[in-house]
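The values are calculated or read from the model by the stated rules, or taken from the named source; none is laboratory data. Computed from a predicted structure; not experimentally measured. Glycine gets a Cβ as well: all are built from the backbone with ideal geometry, and neighbour counts include every protein chain shown. What goes into the accessible areas is simple: the full protein's heavy atoms, side chains included, and nothing from ligands, DNA or RNA. Shrake-Rupley method; radii C 1.70, N 1.55, O 1.52, S 1.80 Å.
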Amino acid sequence: MMRTADLVASASRALRSNPLRSALTALGVIIGVGSVVAMVALGSGAQAQVERSIASLGSNLLIVVPGAQASGGVRMAQGGGGRDTLTLDDVEAIAGLEGVLAVAPSQRGNAQLVANGVNWNTRIEGVTPSYMLARDWEVAQGRFFDESEERQARRVVVLGATVARELFPNVDPIGQAMRISGGSYEVIGVLESKGQSGFGMDQDDVVLAPLTTVKRRISGRFRRADTVSQISVKAASEGELNRLQEDVENLLRDRHRIRPGDEDDFTVQNLSSITETAAATTQVFTYLLGGISAVSLLVGGIGIMNIMLVSVTERTREIGLRKALGARQSDILHQFGLEAVTLSLAGGIVGLALGVAGAWGMTSLFNLPLVIAPQNALMAIGFSGLVGVVFGAYPAWRAAKLDPIEALRRE
Amino acid sequence: MTAPLIEAKELVKLYQMGDETVHALAGVSFVVPRGDYCAIVGPSGSGKSTMMNILGGLDTPSGGRIVIDNADIATLTDEELATFRNRTIGFIFQSFNLLPRLSALENVELPMIYGGVLPKERKERAAALLTRVGLGERMSHRPTQLSGGQQQRVAIARALAGRPALLLADEPTGALDTQTGKDILNLFSELNREGVTIVIVTHDHEVAAATKRTIEMRDGRIVADHLNGSRAA
Ligand SMILES: Nc1ncnc2c1ncn2[C@@H]1O[C@H](COP(=O)(O)OP(=O)(O)OP(=O)(O)O)[C@@H](O)[C@H]1O
Ligand SMILES: [Mg+2]
């Protein structure tokens, strides 16, 4: 019986005797494992990005907008459109529901901003202070307006990071004056940046102003005074979100006197279910990329099998001799098996390194987070070892079964 | 008196070639006592190599019975056969069959690797054997860096590595010139005097005359079996 150390020495000697061939054979597995690792990392990065940006819209959040749900798809909170069916009384009523952490009405509009001679067209949201909590905003600089400023329709604004950067590139925006739709406003705060939303929208390209101010002076001038274009409802916990969604729907149907079977005049969007859908989509995408790459790993395995078969044929005489000298079938099987596994494992390790490097390059190119789960890396290594076992088994078995006399007669 | 080393009874080896059955061995019986040194001669195709392969545990007979060193070859499992080839037999080939990438020393170590001998002991024994066959200065040479006679000496050292009871050599001098062949035969005689039982196959009657006993084969049968006069005393 051969000692393990001798087995390893024998296999590594055989591989080193033809380094170029060994390297080229391992290359198939290197490319396979490398592309699987890189593609899965890319997909996971995209997934993390989608989840992160949707989560940045606000966690445990329901968004109520006027109008019925667009059939066959999820419509994002655009607000504004449709009839004005949501009122401040609705807001009050929702606030009374169980499990509500914050309710925030908002009125959206577009506005032309002018400051320091710079023009900037952006989205303006008329909100109440509860909007900060409901939508997970933080003030980076200055302060937010309070309840009484809101009630008094003061001409104060809090700028999104993009707006602040565009309009006040070199000066501290706090205390600066700016004009919106002809009126003069004071900048009292700047929001913490949230970045892009999952839908490609720059969330920081926004101006927040008191709801009453926006209703009276900017966007709601021609609408009823007590309607809003959107209601944000934050649940106290994620577990209550679905129940709360039903409660809000029942409440509004009741308040709007919608009979069973009739179409709602509002839509409640559940951000966590949108997140799940989007994440599931990108996950499918990840599996698809990984699956396609796995095919190249398979091709790498076939390459190993091919070379091992060639090697068994070339070394037939050597195998016959080893058997004549007392090698058991298991000794031969183990030696050739070990050669195949060593090739594929080495390929797997190099492939993992290259895959991580490739993933790093691609994710920084596409501006995605780099996500490489350690268990995925281990799986890549384990899988490459398995490829060696599977594709090395047949050639090794052929070698082990060779008839020594036949083998020795071969030239 | 101890049991003979080899006891063959009515050995048969058949090869099926299409419709025709070739009797490579057609009922061969003989006994080789321990310490014997015998030559098998006969025309080409008479079954000499077939016989050697069966004696060496590389091939199994189609019929008859063969017992070597108290082991009935036909009853051995694959693993037992491997051990038998490793421990009981030392095989020497006409074409040396050294592994070209290994040094002389590593070639001699090879059977001991399969015998599970530890590296330190393995190297010592291999070095001692190479010194014994007169290659003490050539241990790290590759086969291609050695002459034919030197290569056959390495092969003999390798055959001795498992401390075999029986040394088998199929035309060991066939690929060597006359003088080198004589040197190899002298080495065999020395080994035999030290107690190793040797069976060699040869075409050359001069080679046969250097042994103690000649077995002559023809068409798969033994047609003559006699002691060589000069040595028999
Ligand atoms: N694998 C085989 N298949 C078919 N026939 C075989 C096989 N091996 C040997 N034979 C036949 O068996 C007979 C004996 O062959 P063997 O090799 O034993 O002869 P030999 O005495 O060693 O001859 P040589 O002196 O030429 O080496 C021959 O007729 C040969 O053709
Ligand atoms: Mg022959």
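Just to verify a result, which residue in segment A:1-19, among those that are open to solvent by 30 Å² or more (accessible area, probe 1.4 Å) and among the polar types (S, T, N, Q), is nearest to the other protein chains (Cβ to nearest Cβ)?
Per the stated criteria, the residue is A:Ser17.
Given the condition of a type outside the set (Phe, Trp, Tyr), within 16 Å of ligand 2 (Cβ to nearest atom) and closer than 26 Å to B:His203 by Cα, answer yes or no: does some residue in segment B:73-94 qualify?
Filtering segment B:73-94 down to residues of a type outside the set (Phe, Trp, Tyr) leaves B:73-83, B:85-90, B:92, B:94.
Now narrow it down to the ones that are within 16 Å of ligand 2 (Cβ to nearest atom): B:92, B:94.
Now drop any that are not closer than 26 Å to B:His203 by Cα, which leaves B:92, B:94.
Yes, segment B:73-94 contains a residue that is of a type outside the set (Phe, Trp, Tyr), within 16 Å of ligand 2 (Cβ to nearest atom) and closer than 26 Å to B:His203 by Cα.
If a residue has to be within 7 Å of chain B (Cβ to nearest Cβ) and among the aliphatic types (A, V, I, L, M) to count, how many in segment A:307-343 make the cut?
Here the count works out to 4.
Taking B:Phe91 as meeting all but one of (1) surrounded by 22 or more Cβ atoms within 10 Å (Cβ to Cβ); (2) of a type in the set (Phe, Trp, Tyr); (3) more than 9 Å from chain A (Cβ to nearest Cβ), write down the number of the exception.
(3)
Take the conditions surrounded by 22 or more Cβ atoms within 10 Å (Cβ to Cβ) and more than 30 Å from A:Ala68 (Cβ to Cβ) and apply them to A:Ile180. Does it pass? Spell out how you get there, then give the answer.
Details: surrounded by 22 or more Cβ atoms within 10 Å (Cβ to Cβ): yes; more than 30 Å from A:Ala68 (Cβ to Cβ): yes.
Against the criterion (surrounded by 22 or more Cβ atoms within 10 Å (Cβ to Cβ) and more than 30 Å from A:Ala68 (Cβ to Cβ)), A:Ile180 qualifies.
If you go through segment B:127-138, how many residues are outside any helix (DSSP H, G or I), more than 21 Å from B:Ala175 (Cα to Cα) and open to solvent by 50 Å² or more (accessible area, probe 1.4 Å)? Outline the logic, then answer.
Of the residues in segment B:127-138, the ones outside any helix (DSSP H, G or I) are B:133-138.
Okay, now just the ones that are also more than 21 Å from B:Ala175 (Cα to Cα), so B:136-137.
Checking the rest, the ones that are also open to solvent by 50 Å² or more (accessible area, probe 1.4 Å) come to B:137.
Of the residues in that region, 1 qualify.
Given (1) on the phi < 0 side of the Ramachandran plot; (2) away from ligand 2 (no atom under 16 Å from the Cβ); (3) open to solvent by 20 Å² or more (accessible area, probe 1.4 Å); (4) not basic (Lys, Arg), where does B:Ser44 come up short, assuming only one miss?
In the conditions (1) on the phi < 0 side of the Ramachandran plot; (2) away from ligand 2 (no atom under 16 Å from the Cβ); (3) open to solvent by 20 Å² or more (accessible area, probe 1.4 Å); (4) not basic (Lys, Arg), B:Ser44 misses (2) alone.
Consider A:Ser22 carefully, then state whether it is in a helix (DSSP H, G or I), more than 14 Å from chain B (Cβ to nearest Cβ), over 30 Å from A:Leu365 (Cα atoms) and open to solvent by less than 30 Å² (accessible area, probe 1.4 Å). Outline the logic, then answer.
Working: in a helix (DSSP H, G or I): yes; more than 14 Å from chain B (Cβ to nearest Cβ): yes; over 30 Å from A:Leu365 (Cα atoms): yes; open to solvent by less than 30 Å² (accessible area, probe 1.4 Å): yes.
So A:Ser22 passes the test.
Residues of segment B:107-120 being buried (at least 21 other Cβ atoms within 10 Å of the Cβ) and more than 7 Å from every other protein chain (Cβ to nearest Cβ), which ones?
Selection gives B:Asn107, B:Val108, B:Glu109, B:Met112.
Looking at (1) within 16 Å of ligand 1 (Cβ to nearest atom); (2) out of contact with any His (no Cβ under 8 Å at 6 or more places or on another chain); (3) farther than 26 Å from A:Ser330 by Cα, which is the one condition that is false for B:Val12?
Failing condition for B:Val12: (2).
With the condition being open to solvent by less than 30 Å² (accessible area, probe 1.4 Å), within 29 Å of B:Asn70 (Cβ to Cβ) and in contact (Cβ under 8 Å) with a residue 60 or more places away in the chain, I'd like the strands (runs of 3 or more DSSP E) fully within segment B:142-233 carrying at least 2 qualifying residues. It would help to see each step written out before you state the result.
Working: elements: B:166-170, B:197-201, B:213-218, B:221-227.
Of the strands (runs of 3 or more DSSP E) lying wholly inside segment B:142-233, those with at least 2 residues that are open to solvent by less than 30 Å² (accessible area, probe 1.4 Å), within 29 Å of B:Asn70 (Cβ to Cβ) and in contact (Cβ under 8 Å) with a residue 60 or more places away in the chain span B:166-170, B:197-201, B:213-218.
Filter segment B:32-41 for residues that are away from ligand 1 (no atom under 15 Å from the Cβ) and either on the phi < 0 side of the Ramachandran plot or β-branched (Val, Ile, Thr) (or both); which is most open to solvent (accessible area, probe 1.4 Å)?
Step one: filter segment B:32-41 for residues away from ligand 1 (no atom under 15 Å from the Cβ), giving B:32-38.
Filter once more, keeping what is either on the phi < 0 side of the Ramachandran plot or β-branched (Val, Ile, Thr) (or both): B:32-34, B:36-38.
Values: B:Val32: 0, B:Pro33: 50, B:Arg34: 106, B:Asp36: 16, B:Tyr37: 5, B:Cys38: 1 Å².
Checking each candidate, the answer is B:Arg34.
I'd like to know if segment A:397-405 contains one or more residues that are within 16 Å of ligand 2 (Cβ to nearest atom), in a helix (DSSP H, G or I) and under 30 Å from A:Thr313 (Cα atoms).
The initial filter retains those residues of segment A:397-405 that are within 16 Å of ligand 2 (Cβ to nearest atom), namely A:404-405.
Of the ones still in play, those that are also in a helix (DSSP H, G or I) are A:404-405.
Among the residues that remain, those that are also under 30 Å from A:Thr313 (Cα atoms) are: A:404-405.
Checking segment A:397-405: at least one residue is within 16 Å of ligand 2 (Cβ to nearest atom), in a helix (DSSP H, G or I) and under 30 Å from A:Thr313 (Cα atoms).
Which fully enclosed strands (runs of 3 or more DSSP E) of segment B:14-97 have 1 or more residues being more than 19 Å from the chain's Cα centre (by Cα) and over 18 Å from A:Leu408 (Cβ atoms)?
Details: elements: B:20-32, B:37-41, B:63-68, B:89-92.
Counting at least 1 such residues, we get B:20-32, B:63-68.
Return the residues of segment A:345-376 that are of a type in the set (A, V, I, L, M) and more than 19 Å from A:Gly301 (Cβ to Cβ); say none if nothing qualifies. Before the answer, list the steps.
Pass one, segment A:345-376, residues of a type in the set (A, V, I, L, M): A:345-346, A:349-350, A:352-354, A:356-357, A:359, A:362, A:365, A:368, A:370-373.
If the condition is that a residue be of a type in the set (A, V, I, L, M) and more than 19 Å from A:Gly301 (Cβ to Cβ), then A:Ala353, A:Val356, A:Ala357, A:Ala359, A:Met362, A:Leu365, A:Leu368, A:Leu370, A:Val371, A:Ile372, A:Ala373 are the ones that fit.
Could we say that A:Ala359 is under 24 Å from A:Ala38 (Cα atoms), of a type outside the set (D, E, K, R) and either open to solvent by less than 10 Å² (accessible area, probe 1.4 Å) or within 14 Å of chain B (Cβ to nearest Cβ) (or both) here?
Numbers: under 24 Å from A:Ala38 (Cα atoms): yes; of a type outside the set (D, E, K, R): yes; either open to solvent by less than 10 Å² (accessible area, probe 1.4 Å) or within 14 Å of chain B (Cβ to nearest Cβ) (or both): yes.
Yes: the conditions hold for A:Ala359.
If I ask for residues that are farther than 20 Å from B:Arg85 by Cβ and open to solvent by less than 50 Å² (accessible area, probe 1.4 Å), which ones from segment B:5-31 would you list?
Of everything in segment B:5-31, those that are farther than 20 Å from B:Arg85 by Cβ and open to solvent by less than 50 Å² (accessible area, probe 1.4 Å) turn out to be B:Val12, B:Ala24, B:Ala26, B:Gly27, B:Val28, B:Phe30.
With the requirement that a residue be surrounded by 18 or more Cβ atoms within 10 Å (Cβ to Cβ) and away from ligand 2 (no atom under 16 Å from the Cβ), what does segment B:47-66 give you? First the steps, then the outcome.
Let us first name the residues in segment B:47-66 that are surrounded by 18 or more Cβ atoms within 10 Å (Cβ to Cβ), namely B:47-59, B:61, B:66.
If the condition is that a residue be surrounded by 18 or more Cβ atoms within 10 Å (Cβ to Cβ) and away from ligand 2 (no atom under 16 Å from the Cβ), then B:Gly57, B:Pro61, B:Ile66 are the ones that fit.
With the condition being farther than 21 Å from A:Gly195 by Cβ, I'd like the strands (runs of 3 or more DSSP E) fully within segment A:79-150 carrying at least 1 qualifying residues. Quick ask: steps written out before the conclusion?
Details: elements: A:100-115, A:118-127, A:139-142.
Ranges flagged: A:100-115, A:118-127.
Scan A:Gly326, A:Gly385 and give me the residue that is touching a Ser or Thr at 6+ places or on another chain (Cβ under 8 Å), more than 16 Å from ligand 2 (Cβ to nearest atom) and either open to solvent by 70 Å² or more (accessible area, probe 1.4 Å) or not in a helix (DSSP H, G or I) (or both). Show your work before the answer.
Numbers: A:Gly385 fails: either open to solvent by 70 Å² or more (accessible area, probe 1.4 Å) or not in a helix (DSSP H, G or I) (or both).
Within the list A:Gly326, A:Gly385, the selection yields A:Gly326.
Which ones in segment B:186-201 are closer than 12 Å to B:Ile156 by Cα and more than 13 Å from the chain's Cα centre (by Cα)?
B:Leu187
Taking B:Glu124 as meeting all but one of (1) more than 9 Å from chain A (Cβ to nearest Cβ); (2) within 21 Å of B:Ala169 (Cβ to Cβ), write down the number of the exception.
Failing condition for B:Glu124: (2).
Before we move on, is A:Leu343 at pLDDT below 95, closer than 18 Å to A:Val8 by Cα and in a helix (DSSP H, G or I)?
Details: at pLDDT below 95: yes; closer than 18 Å to A:Val8 by Cα: yes; in a helix (DSSP H, G or I): yes.
So A:Leu343 fits the description; yes.
Within segment B:202-226, restricting attention to residues that are under 16 Å from the mean Cα position of the chain (by Cα) and of a type in the set (D, E, K, R), which residue is nearest to ligand 1 (Cβ to nearest atom)?
B:Arg213
When you go through (1) in a loop (DSSP other than H, G, I, E, B); (2) within 22 Å of the chain's Cα centre (by Cα); (3) surrounded by fewer than 20 Cβ atoms within 10 Å (Cβ to Cβ) one by one for A:Glu263, which number turns out not to apply?
Checking A:Glu263 against (1) in a loop (DSSP other than H, G, I, E, B); (2) within 22 Å of the chain's Cα centre (by Cα); (3) surrounded by fewer than 20 Cβ atoms within 10 Å (Cβ to Cβ), the one that fails is (2).
The conditions are (1) in contact with a helix residue (DSSP H, G or I) (Cβ under 7 Å, 6 or more places away or on another chain); (2) open to solvent by less than 40 Å² (accessible area, probe 1.4 Å), and A:Ala225 fails exactly one of them. Which is it?
For A:Ala225, the exception is condition (2).
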